[in-house]
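*Asks:* Submitted below is the structure of interest, expressed as structure tokens.
The values are calculated or read from the model by the stated rules, or taken from the named source; none is laboratory data. Keep in mind that this is a model prediction, so the values were computed, not measured. Every residue, glycine among them, receives a Cβ derived from its backbone with ideal geometry; neighbour counts consider all protein chains shown.
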Amino acid sequence: LIKIPATPPKISEFMMDLVEQQMEYREKNNVRRKDFFQLLVDQRKEDIKNGEEAMSIVQCASQVFVFYIAGSETTSITITCTLHELSHSPKVMEQLVVEIDETLAKSNGEINYD
């Protein structure tokens, strides 16, 4: 809109190259991972398959950059990784629920820092 770049051109070019190379690599080698980038790749494929307008490489690079910036905060990235691991480990999640219930029972249902 106002044509003032929020990041230096070198960083923008790096993100564009990274996204483009990763998309090509994953598509050519049929590589699938459980990550945010895979969601973008899958969405693009589905849009193209359905004859819809797919996100451009620029739009994908923007999404990746925003995701990276948002995830760089220590607390949020720790919570994100924990929830991801718990969602893929039902037994660990069950153990965590039991431990939380036991801890709450010891403190009469009050949350404290002990």
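*Asks:* Return the pair list, or none, for Cβ contacts closer than 7 Å from residues in region 23-52 that are in the same structural domain as C81 (by TED's automatic domain parsing) to residues that are of a type outside the set (G, A, S), at least 6 apart or on different chains.
*Replies:* From region 23-52, no pairs qualify.
*Asks:* Mind telling me which of the residues I77, I100 ends up being among the β-branched types (V, I, T), touching a helix residue (DSSP H, G or I) at 6+ places or on another chain (Cβ under 6 Å) and free of Cβ contacts under 8 Å to residues at least 12 places away in the same chain?
*Replies:* From the options I77, I100, the qualifying one is I77.
*Asks:* Is region 24-34 home to any residue that is at pLDDT below 95, surrounded by 12 or more Cβ atoms within 10 Å (Cβ to Cβ), more than 25 Å from T80 (Cα to Cα) and not hydrophobic (A, V, I, L, M, F, W, C)?
*Replies:* The answer is yes; a qualifying residue exists.
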